[in-house]
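All remarks here apply to the structure that follows.
No value in this document is a laboratory result; all are computed from the given coordinates. Owing to the predicted nature of the structure, the values given are computational and were not obtained by experimental measurement. Positions of Cβ are generated from backbone atoms using ideal geometry, with glycine treated the same way; all protein chains shown enter the neighbour counts.
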Amino acid sequence: MAPADLPYLKTNPSVIFFTDFDGTITLEDSNDYLTDNLGFGQTKRRKLNINVLEKKTSFRDAFWQMLGSVKTPFSECVETLCKVMKLDPHFVEFYEWAKANNVPIVVLSSGMIPIIRALLEKLLGHKPDHIVIIANDVESRDGKHINTPGGWQIKYHDDSHFGHDKSLEIKPYAQLPHDERPTLLYAGDGVSDLSAAAETDLLFAKKGNDLVTFCEREGMPFTTFEDWSSILATSKDILSGKVSVKKVAQEGLEKEQKDEA
Ligand SMILES: [Mg+2]
């Protein structure tokens, strides 16, 4: 794609912020909640997760089975999640700052667009007009209406074994010539964020997570975060040029190694 056609370059930003949704903006995983409480339950979900880790099942197939076990009408699933899911309240401040400072926010998720949109709307108190959501969708199952029992299924974003390969969206930006390329930042909490984060300049990795161990092992530039207030503070410094992403990553690694010692 020519640079002029890349949608997040339209406003000529100097920073683009890509982020995971579940466990990063929300405090728990909304798909796990659906499977555990409205589908076949946690024991079966954990078994499938282990199969994925042991490469006996693809993430795509396992996730399909988990969500397929949820027969609750889709509208009721959204309603329930809006009631029970907790989101990071500091994300609101980050959102306002990003909007005021021409920093596009792109949510890259393995979840479903209507759920993500509803949860963001609830958190922000209005429609999320400064966020692009790239995720899976939902569609009719067996010709039924999605808001009837057993009436919906997940519609995957692409053909990858993840269902949604998050790195696809970032690659065209990562490949831009150096002088045309904005700084690319990424926030995530799971190992599935690694391939996407590898395309960016700096990963904000949720503290106390497997992801941190992976980053250290792979030599990926990262810094840890506990909530979006620290992501905001660091993003402000990067945008203003007060610190370089390199320096943030170096300090992030040193801090993590000190915490471990
Ligand atoms: Mg996540």
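Pairs over the 31 Å Cα-Cα cut-off, from the set 47/99; 83/207; 171/247; 155/206: 47/99.
For the pair residue 127 and residue 257, label points projected 7 Å from Cα toward Cβ lie 5.0 nm apart. Dipole check for segment 103-175: with +1 at the C-beta of Lys and Arg, -1 at the C-beta of Asp and Glu, and the Cα centre as origin, the magnitude is about 200 Debye. Under a Gaussian network description of the chain, with springs only between Cα atoms under 10 Å, the residue in 159, 193, 20 that fluctuates furthest is 159. With helices as the sole contributors, the chain gives -13000 deg cm²/dmol at 222 nm; each DSSP H run of n ≥ 4 counts as -39500 (n - 2.57), and the sum is divided by every residue. Taking every alpha-carbon pair under 8 Å whose residues sit at least 6 apart, the chain reaches a relative contact order of 20 percent.
Along the axis of the charge dipole computed for the chain (Cβ charges of +1 for Lys and Arg, -1 for Asp and Glu, origin at the Cα centre), the listed residues 35, 192, 149 are led at the positive end by 149.
Which one of 75, 24, 176 has its Cα pushed farthest toward the positive end of the charge dipole of segment 12-260, where Lys and Arg give +1 and Asp and Glu give -1 at the Cβ? Going by the charge dipole, the pick is 75. Here each label is just a point 7 Å from Cα along the line to Cβ, and for residue 246 and residue 213 those points are 3.1 nm apart. When the Cα positions of 167, 53, 91 are compared along the charge dipole of segment 12-260, 53 comes out farthest toward the positive end, with charges on each C-beta of Lys, Arg, Asp and Glu.
When only the Cβ of Lys, Arg, Asp and Glu is charged (+1, +1, -1, -1), the dipole of segment 12-260 relative to its Cα centre reaches about 460 debye.
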